[in-house]
Amino acid sequence: MSLAVDVTHRFGSFVLDAHFVSDGRLTAFFGRSGSGKTSLINVIAGSVRPERGRIVLDGLTLVDTEQGIFVPRHRRRVGYVFQEGRLFPHLTVRQNLLFGRWFTPRRERHIGIGQVLDLLGIAHLLDRRPGALSGGEKQRIAIGRALLTSPRLLLLDEPLAALDDTRKEDILPFIERLRDEAEVPIVYVSHSLAEVMRLATTVVTIDDGRIIATGPPAEVLGRRDLIASHAVAEAGALIDAVIAEHDQSFGLTTLRSAAGSLQVPRLDLPVGTPVRVRIRARDVMIATTRPEGLSALNVLPGVVTALDKTDDGLVEIGLDCGGLRLVARLTRKSVDALRLASGRQVFAVIKSVAFDREALARAPGFAADATAYSGQR
């Protein structure tokens with residue numbers, strides 16, 4: 001699965017100038033509102049014909065302005081899901097799901113309704129009408145309808161933006177499962193750092209119409225210079241870990257990572273499951289000696305690698321913990337009192353309760369039952 005984009009197009013005074021290549025299963029376009037994310041997916045979808053450029057999806061050229069190639073939207077086989085489900089209110093869920101299927105030639109239909117019902121957990125909704133569905137259910141139906149066109153690419157434009165936090169948590173596990181099991185490459189548009197960290201296999205960061213970084217989530221989203229202007233309160237690090245054991249008596253799960261062991265609220269996933277762990281800078285305390293008599297269960301040895309002052313009078317401390325990069329945010333007074341400097345050995349202290357729903361997710365590529373996972377914490 002690969003997507004190569006090299007396009008330039010002017011929308012009035014706004015210029016989209018995008019160049020990237022992604023081999024990821026879920027490519028996340030991340031940036032502030034107005035940065036050009038939706039404009040870019042409209043070019044990929046074929047809704048906009050770029051002034052210059054080339055787009056190639058899995059070896060198939062969709063656009064090549066030099067060669068005069070422009071595959072029209074209806075022939076691209078690209079599924080598009082908007083912020084709102086845009087379901088037909090007079091049709092049942094079953095009828096909505098099957099609507100797009102009729103536009104796909106029979107010989108090109110490779111995704112069946114049974115597979116979609118299983119992936120998205122919507123079999124029990126077939127006889128309902130959209131007015132009787134929750135926001136999260138509507139989005140799952142919209143995704144299912146797009147999947148049943150057997151698309152070469154699925155575009156999700158801020159699909160959770162209109163949902164409250166509870167509904168987002170309901171649908172995120174299904175998007176994870178879609179990423180890992182549907183075998184359809186996905187482009188996911190979002191300005192939510194938490195969503196991108198949880199879902200993406202490749203991150204494309206966009207600012208003012210230009211691509212400023214492309215790469216793995218841990219690499220791109222760990223750079224403060226890329227995300228500070230978007231979500232400074234959410235700055236932090238993303239690390240890979242594996243479930244080592246469960247402690248039934250205390251309701252905890254132990255994770256094994258290169259930085260050391262972490263104890264988090266219990267996960268309903270098997271031992272050996274790879275997971276993603278998001279450690280926010282605001283949740284990390286620093287000690288210069290190994291602390292004792294402390295309620296926090298997670299203490300990771302590390303070395304200070306950087307001290308960067310922020311605009312709000314704080315200091316972001318870069319840490320190397322066993323080869324993994326962590327970030328802590330402290331006041332200048334704390335930095336001065338601890339006499340922190342690059343090269344100093346310290347201990348990163350993280351409370352187990354800091355690992356909430358937004359901080360833990362199963363890693364891409366691990367197939368699991370989405371309904372079981374959604375109730376893990």
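Each row is one residue, and each column tells you yes or no for (1) in contact with a strand residue (DSSP E or B) (Cβ under 7 Å, 6 or more places away or on another chain); (2) within 21 Å of residue 218 (Cα to Cα); (3) assigned to a strand (DSSP E or B).
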site	(1), (2), (3)
307	yes, yes, yes
317	yes, yes, yes
343	yes, no, no
346	yes, no, yes
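Pairs please, first residue from the stretch 151-162 and touching a residue at least 24 places away in the same chain (Cβ under 8 Å), second anywhere and buried (at least 22 other Cβ atoms within 10 Å of the Cβ) and among the aromatic types (Phe, Trp, Tyr), Cβ atoms under 7 Å, 6+ apart in sequence or on different chains.
Hits for this filter: 155/80; 156/188.
Which residue out of 323, 343, 375 is at pLDDT 95 or above, out of contact with any Leu (no Cβ under 6 Å at 6 or more places or on another chain), surrounded by fewer than 18 Cβ atoms within 10 Å (Cβ to Cβ) and not basic (Lys, Arg)?
343
How many residues are within 15 Å of residue 174 (Cα to Cα) and touching a Pro at 6+ places or on another chain (Cβ under 6 Å) when one looks only at the stretch 139-153?
1
So if I check each of 160, 148, 125, which one is in the same structural domain as residue 74 (by TED's automatic domain parsing), under 30 Å from residue 17 (Cβ atoms), in contact with a helix residue (DSSP H, G or I) (Cβ under 6 Å, 6 or more places away or on another chain) and among the aliphatic types (A, V, I, L, M)?
Among 160, 148, 125, only 160 is in the same structural domain as residue 74 (by TED's automatic domain parsing), under 30 Å from residue 17 (Cβ atoms), in contact with a helix residue (DSSP H, G or I) (Cβ under 6 Å, 6 or more places away or on another chain) and among the aliphatic types (A, V, I, L, M).
From the list 235, 259, 296, 231, pick out the single residue that is touching a Cys at 6+ places or on another chain (Cβ under 8 Å) and modelled with pLDDT under 95.
259
Quick one: which residue in 110, 74, 90 is within 28 Å of the chain's Cα centre (by Cα) and in a loop (DSSP other than H, G, I, E, B)?
110
Looking only at residues that are hydrophobic (A, V, I, L, M, F, W, C) and not in a strand (DSSP E or B) in the stretch 32-58, which one is surrounded by the most Cβ atoms within 10 Å (Cβ to Cβ)?
Among residues in the stretch 32-58 that are hydrophobic (A, V, I, L, M, F, W, C) and not in a strand (DSSP E or B), the one surrounded by the most Cβ atoms within 10 Å (Cβ to Cβ) is 40.
Out of the residues in the stretch 4-31 that are assigned to a loop (DSSP other than H, G, I, E, B) and not polar (S, T, N, Q), which is nearest to residue 178 (Cα to Cα)?
The extreme case among them is 25.
I'd like the full set of residues that are assigned to a loop (DSSP other than H, G, I, E, B) and more than 25 Å from residue 108 (Cβ to Cβ), limited to the stretch 148-167.
158, 160, 161, 162, 163, 164
Residue under question is residue 32, and the condition is that it be among the basic types (Lys, Arg), touching a residue at least 40 places away in the same chain (Cβ under 8 Å) and in contact with a helix residue (DSSP H, G or I) (Cβ under 6 Å, 6 or more places away or on another chain); does it hold?
yes
Show the residue pairs meeting these rules: Cβ distance below 9 Å; 6+ apart or different chains; first residue within the stretch 117-144 and over 18 Å from residue 100 (Cβ atoms); second residue buried (at least 21 other Cβ atoms within 10 Å of the Cβ) and hydroxyl-bearing (Ser, Thr, Tyr).
none
Please determine whether any residue of the stretch 179-192 is assigned by TED's automatic domain parsing to the domain that holds residue 153, more than 26 Å from residue 116 (Cα to Cα) and among the aliphatic types (A, V, I, L, M).
The answer is no, given that none of the residues of the stretch 179-192 is assigned by TED's automatic domain parsing to the domain that holds residue 153, more than 26 Å from residue 116 (Cα to Cα) and among the aliphatic types (A, V, I, L, M).
The values are calculated or read from the model by the stated rules, or taken from the named source; none is laboratory data. Owing to the predicted nature of the structure, the values given are computational and were not obtained by experimental measurement. Cβ coordinates were reconstructed from backbone atoms using ideal geometry, including for glycine residues, and neighbour counts include every protein chain displayed.
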